[in-house]
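The values are calculated or read from the model by the stated rules, or taken from the named source; none is laboratory data. This is a predicted model, so every value here is computed, not measured. Positions of Cβ are backbone-derived with ideal geometry, glycine not excepted, and every protein chain shown enters the neighbour counts. These area figures cover heavy atoms from the full protein model, side chains too; ligands, DNA and RNA do not enter into them. Shrake-Rupley method; radii C 1.70, N 1.55, O 1.52, S 1.80 Å.
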Amino acid sequence: MTAVEERMWTMGDYVDESPVVLRDNLARFEELTDPLMGLCGDRMPKRIRLVASGSSYNACQCAHPFMSACLPCVDVRVVTPHRFSYYESEVDPDELLLVVTQSGLSTNALAALDAIRAQGARAVCLTGDVEADAREHADLMVDWGAGVELVGYVTKGVSTLALFLMMFACRLGGRLDRLPELGRAVDVLDAVRASTYSFFERHEKALTSMRLSYSVAADGARGVALESALKVGETVHVPSPAYEVEEFIHGPNLQLTPGYTLFFYDAPDATRERTRLIYRAAREVSDAAFLLTSAGACDEAPEWLASDANVLVAPELPSPELAAFAYLPFVQLVSHLASSALGSSKQHPLLKRFKAIAAAKTDSFVNYDGDD
């Protein structure tokens, strides 16, 4: 075993690896999506229901705008396994129902697969590990191309899942002409990844002083705001909710103080001016308010946007539906760099008692982070 193989990989390592894996997955999009195309056959489902939780749920939300654009006659929905199992488990024969779990070990996903089988329907699992425990609960295991990711706070798996779903939507909807857009979005994602390191260095004091963090976006970038809130909360260990941009100013903003950290994600669509305006309002209260936008959205931008050091400008996006996907490395790296600097990602020792009572993973789960 080489020294590279022996060393412990970090979230940052997997984020840095992601663009290479994404480009490779694009090159083999037919191989990866063939199993789902085989499920659909020659029929177009009336609904695609993605049953996912945590970062997988957020990845599905990142893919949702692009999927809906490629499949205008299909009702694309994302629900949690708990909601599915307890409130809307009835399987429609005209839908494509997919249960998502990267590890293949999430107990709520396994319960959802069991609920599908109990109705005599085919249980299909999208996963990063086709040999995991989910294989005993599913009729078909589909590998979305995540590859190995041994850090519990997943990053590469989020990006590869979103890309897989968007590639499938291109193919199912007969929109292979949009595949080049996905390639350009990966280029933007890679540029965001590279620029986040220097952005963090410039704002290290603020980003390592978080006490409460808000992640705010319009629906076009909802997926990345959800993942931003999750990643900051689970690694930096501070309260970290996500809000739709307009809902943010209908109550949650009233508790703002200069001690709050806020992340705004600007989808380059009709909502961008409103998002920017609310970001500017937040800057009047907190110096730790940040905006991630794209170059195309800055063509006729006011002077303040170009001169604001708290704004990170990504390269122009090929379409607004790809904003959440392309922005993912920013939230992943900010969480990783801040929690690494603080040493905050380790869980409180009493969480062992919590997990002994209410486990989220099966007994096969191995915590490679060394944090039990």
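A compact table of results
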| read-out | value |
| --- | --- |
| Single condition Gln119 does not satisfy, out of (1) under 21 Å from His82 (Cα atoms); (2) of a type outside the set (Lys, Arg); (3) touching a residue at least 40 places away in the same chain (Cβ under 8 Å) | (3) |
| Helices (runs of 4 or more DSSP H) wholly inside region 1-104 containing at least 2 residues that are over 22 Å from Leu322 (Cα atoms) | 3-6, 11-27, 29-40, 81-87 |
| Near pairs, Cβ below 7 angstrom, 6+ apart or cross-chain, from region 241-265 (at pLDDT 95 or above and surrounded by fewer than 18 Cβ atoms within 10 Å (Cβ to Cβ)) to any residue that is in a strand (DSSP E or B) and among the acidic types (Asp, Glu) | none |
| Single residue of His237, His250 found to be within 19 Å of the chain's Cα centre (by Cα), of a type outside the set (Ser, Thr, Tyr) and part of a loop (DSSP other than H, G, I, E, B) | His237 |
| Wholly enclosed helices (runs of 4 or more DSSP H) of region 273-358 bearing at least 1 residues more than 24 Å from Thr10 (Cα to Cα) | 303-307, 323-326, 351-357 |
| Scan of region 191-202 for residues that are touching a residue at least 60 places away in the same chain (Cβ under 8 Å), farther than 20 Å from Thr160 by Cα and open to solvent by 40 Å² or more (accessible area, probe 1.4 Å), ordered by number | Tyr197, Arg202 |
| Test: residue in region 218-228 that is touching a helix residue (DSSP H, G or I) at 6+ places or on another chain (Cβ under 6 Å) and more than 27 Å from Met67 (Cα to Cα) | no |
| Condition met for Ala206 (under 21 Å from His64 (Cα atoms), in contact with an Asp or Glu (Cβ under 8 Å, 6 or more places away or on another chain) and at pLDDT 95 or above) | no |
| Every residue from region 76-101 that is touching a Ser or Thr at 6+ places or on another chain (Cβ under 8 Å), open to solvent by less than 40 Å² (accessible area, probe 1.4 Å) and farther than 19 Å from Asp139 by Cβ | Val76 |
| Inter-residue pairs, beta-carbon under 6 Å, first in contact (Cβ under 8 Å) with a residue 40 or more places away in the chain and in region 131-156, second part of a loop (DSSP other than H, G, I, E, B) and aliphatic (A, V, I, L, M), 6+ apart | Ala132/Leu105; Asp133/Leu105; Asp143/Val130 |
| Sole residue being out of contact with any strand residue (DSSP E or B) (no Cβ under 8 Å at 6 or more places or on another chain) and open to solvent by 20 Å² or more (accessible area, probe 1.4 Å), chosen from Lys231, Lys205 | Lys205 |
| Scan of region 308-364 for residues that are under 20 Å from the mean Cα position of the chain (by Cα) and more than 30 Å from Met67 (Cα to Cα), ordered by number | Leu337, Ala338, Ser339, Ser345 |
| Boolean, Leu161 is more than 13 Å from Phe29 (Cβ to Cβ), in contact (Cβ under 8 Å) with a residue 12 or more places away in the chain, assigned to a helix (DSSP H, G or I) and of a type outside the set (Asp, Glu) | yes |
| Which numbered condition Tyr214 misses (of (1) surrounded by fewer than 17 Cβ atoms within 10 Å (Cβ to Cβ); (2) touching a strand residue (DSSP E or B) at 6+ places or on another chain (Cβ under 6 Å)) | (1) |
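Table: residues versus (1) over 20 Å from Val99 (Cβ atoms); (2) of a type outside the set (A, V, I, L, M, F, W, C).
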{"site": "Gly120", "(1), (2)": "no, yes"}
{"site": "Glu136", "(1), (2)": "no, yes"}
{"site": "Leu140", "(1), (2)": "no, no"}
{"site": "Leu161", "(1), (2)": "no, no"}
{"site": "Met166", "(1), (2)": "no, no"}
{"site": "Arg184", "(1), (2)": "yes, yes"}
{"site": "Ser213", "(1), (2)": "yes, yes"}
{"site": "Ala218", "(1), (2)": "yes, no"}
